[in-house]
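Rule-based calculations on the coordinates, nothing more; no lab input. Nothing here was measured: the structure is a model prediction, and the numbers come from that model. Positions of Cβ are generated from backbone atoms using ideal geometry, with glycine treated the same way; all protein chains shown enter the neighbour counts.
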Amino acid sequence: MDSIRNLTPEIQKRTSKSEHFLAKEGMKRPEVKFTLAILTSMLKEHHVHLTVLARGLEEKINPKKTWERLSRHISKCGLHDTLTESNIKKNKAKIHQMPTKTSYI
């Protein structure tokens, strides 16, 4: 079985499709770049702490500087709402196509 690190190029290729969608949804370039970096790092590291994610990005700068940048972006007001709305718009059609289950008690 392949390691997740071996699959990173494939993951980045697939997430680049989201890059165009998020840009069309009105997100600014730094926000889009941050979102994709966080997603890629979370997939690689299987972790949610920013310090671990910063190291997982393996940038040529000091991981502390990467952590500071990620911290700035994640604390931006309204980013969560924008991402949630974008996700709903992207998956709205698929959600409506899902069969509804009615359960009788």
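For a straight C-alpha distance cut-off of 19 angstrom, the lysines reachable from LYS24 (same-chain residues fewer than eight places away being disregarded) are LYS13, LYS33, LYS89, LYS90, LYS92.
Using C-alpha pairs under 8 Å with a sequence gap of at least 6, the mean separation divided by the residue count of the chain gives a relative contact order of 20 percent.
For the chain, compute Rh as the Kirkwood radius over C-alpha pairs and then the Stokes-Einstein diffusion coefficient at 25 °C and 0.890 mPa s; write the answer in µm²/s, rounded to an integer. Provide the component values of the computation, followed by the final result.
Values: Rh = 15.6 Å.
It comes out at roughly 157 µm²/s.
Put a dot 7 Å past the Cα of ILE61, heading toward its Cβ, do the same for LYS17, and the two dots end up 3.1 nm apart.
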